[in-house]
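Heads up, the thing below is written out as structure tokens.
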Amino acid sequence: MAKEKIGLVLEGGAMRGMYTAGVLDLLMDNGIRADLVIGVSAGAIHGCCYVSGQRGRSIRYYEKYRRDRRFMGLWALVTTGELVGAKFCYEDIPLRLDPFDEAAFEASPTAFYLTVTNLETGKAEYIHCKELKVGSGMDYMRAGASMPLCSRIVEIGGKKYLDGGVADSIPYAAAKALGCTRCIVVLTRPAGYLKQPAALAPFRLMYRKYPHFVETMAHRHTVYNSEVCAVEQAAKAGEAFLIRPTADLQVSRAERDLTKLRALYELGCSDARALMPALRDFVGSDAGEGGSHASAQ
């Protein structure tokens, strides 16, 4: 019988992604390895550390640098035109300040995909990143995490991209299309959350040259809520395993309070720990067959 392909689907949410970081560290602690990771925005940012086996890296550098004015905030917006300091976050940190283990990432048997939204088509694209080097795969990472209205458009290969969550916040269907027979899905909103329509006036003004992108934003809430329902139904059918916050800690997308970020990370750890017996049953003997994760770095 052919080995089942286990997918790991990671929602975004900017600073709410600290929940995902906690979940992923517990998966590493327990030797739960997916065959494929597909992440959106912050989900991709933390998911790459899961692939490289760098347990604890996400919470470590977020706690160290979140209050650095170069990381994220008004100073970065005024001086660079982007809410998130692109050079600081996508070059200085992974190359020098808290190095990303590129060699371990490239050697990992786990395939890594990240989600971007194409401005000209308004559709999601799923980028298979075999490496995350600056000037190559890391540029797609930056594009997929570039929030509309407060980020510059990222152009790669003649295509213009922004935040993958605009077109596909929960790429469960994409993971299935990529051959995953079962998926672990990590959400950053608690049960019962419903996304509301966005105020479209700023998008229509700023992205008037990209009507398909604006149209996608107009329907984002409907698509998101449908995706949550689809994942919940898949979980009931035993095709997906759903992990999401058991409490709403009121962490904003641009949260600066390190105590709240640490609490959200710990919630991710504790929720994953509580679900571990059921998760082991879900993944069965396929868990970890791709080889053990690298030691914590």
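The values are calculated or read from the model by the stated rules, or taken from the named source; none is laboratory data. Everything numeric here is computed off the predicted structure, so don't read it as measured data. Positions of Cβ are generated from backbone atoms using ideal geometry, with glycine treated the same way; all protein chains shown enter the neighbour counts. For the accessible areas, the whole protein counts, side chains as well, though only heavy atoms, and no ligand, DNA or RNA atoms are used. Shrake-Rupley method; radii C 1.70, N 1.55, O 1.52, S 1.80 Å.
Would you say residue 120 is part of a loop (DSSP other than H, G, I, E, B), open to solvent by 10 Å² or more (accessible area, probe 1.4 Å) and in contact (Cβ under 8 Å) with a residue 60 or more places away in the chain? Steps first, answer last, please.
Working: part of a loop (DSSP other than H, G, I, E, B): yes; open to solvent by 10 Å² or more (accessible area, probe 1.4 Å): yes; in contact (Cβ under 8 Å) with a residue 60 or more places away in the chain: yes.
Yes; evaluated as a whole, the condition is true for this residue.
Evaluated against (1) in a loop (DSSP other than H, G, I, E, B); (2) in contact (Cβ under 8 Å) with a residue 40 or more places away in the chain, residue 114 falls short on exactly one condition, (1).
Which members of the stretch 114-146 meet the condition of being among the aliphatic types (A, V, I, L, M) and in contact with a strand residue (DSSP E or B) (Cβ under 9 Å, 6 or more places away or on another chain)? Result: 114, 116, 119, 124, 127, 132, 141, 143, 145. Quick check on the stretch 63-71. Is at least one of its residues at pLDDT 95 or above, within 16 Å of the chain's Cα centre (by Cα) and surrounded by fewer than 24 Cβ atoms within 10 Å (Cβ to Cβ)? No, every residue in the stretch 63-71 fails to be at pLDDT 95 or above, within 16 Å of the chain's Cα centre (by Cα) and surrounded by fewer than 24 Cβ atoms within 10 Å (Cβ to Cβ).
Yes/no matrix, rows are residues, columns are (1) more than 17 Å from residue 135 (Cα to Cα); (2) within 17 Å of the chain's Cα centre (by Cα); (3) open to solvent by 70 Å² or more (accessible area, probe 1.4 Å):
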{"residue": "55", "(1), (2), (3)": "yes, yes, yes"}
{"residue": "89", "(1), (2), (3)": "no, yes, no"}
{"residue": "92", "(1), (2), (3)": "no, no, no"}
{"residue": "96", "(1), (2), (3)": "no, no, yes"}
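Scanning the stretch 140-159 for residues that are of a type outside the set (Gly, Ala, Ser) and either surrounded by fewer than 20 Cβ atoms within 10 Å (Cβ to Cβ) or touching a residue at least 60 places away in the same chain (Cβ under 8 Å) (or both) turns up 141, 147, 148, 149, 150, 152, 153, 155, 156, 159.
Residue-by-condition table, conditions (1) more than 17 Å from residue 144 (Cβ to Cβ); (2) part of a helix (DSSP H, G or I):
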{"residue": "50", "(1), (2)": "no, yes"}
{"residue": "58", "(1), (2)": "no, yes"}
{"residue": "64", "(1), (2)": "yes, yes"}
{"residue": "69", "(1), (2)": "yes, no"}
{"residue": "79", "(1), (2)": "yes, yes"}
{"residue": "82", "(1), (2)": "no, no"}
{"residue": "88", "(1), (2)": "yes, yes"}
{"residue": "91", "(1), (2)": "no, yes"}
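Could you grab me the full set of residues in the stretch 136-165 that are over 30 Å from residue 4 (Cα atoms) and not in a loop (DSSP other than H, G, I, E, B)? Within the stretch 136-165, 139, 142, 143, 154, 155, 156, 159, 160, 161, 162, 163 meet the criteria.
Looking at the stretch 27-47 only, could you name the residues that are open to solvent by 10 Å² or more (accessible area, probe 1.4 Å), within 16 Å of residue 281 (Cα to Cα) and of a type outside the set (D, E, K, R)? Of everything in the stretch 27-47, those that are open to solvent by 10 Å² or more (accessible area, probe 1.4 Å), within 16 Å of residue 281 (Cα to Cα) and of a type outside the set (D, E, K, R) turn out to be 30, 31. Scanning the stretch 199-228 for residues that are in contact with a helix residue (DSSP H, G or I) (Cβ under 7 Å, 6 or more places away or on another chain) and surrounded by fewer than 16 Cβ atoms within 10 Å (Cβ to Cβ), which turns out farthest from residue 10 (Cα to Cα)? Filtering the stretch 199-228 for residues that are in contact with a helix residue (DSSP H, G or I) (Cβ under 7 Å, 6 or more places away or on another chain) and surrounded by fewer than 16 Cβ atoms within 10 Å (Cβ to Cβ), the one farthest from residue 10 (Cα to Cα) comes out as 204. In the stretch 2-14, the residues that are surrounded by fewer than 24 Cβ atoms within 10 Å (Cβ to Cβ) form Cβ pairs under 9 Å with partners that are among the aromatic types (Phe, Trp, Tyr) and assigned to a helix (DSSP H, G or I), at six or more places apart or across chains, as follows: 13/19.
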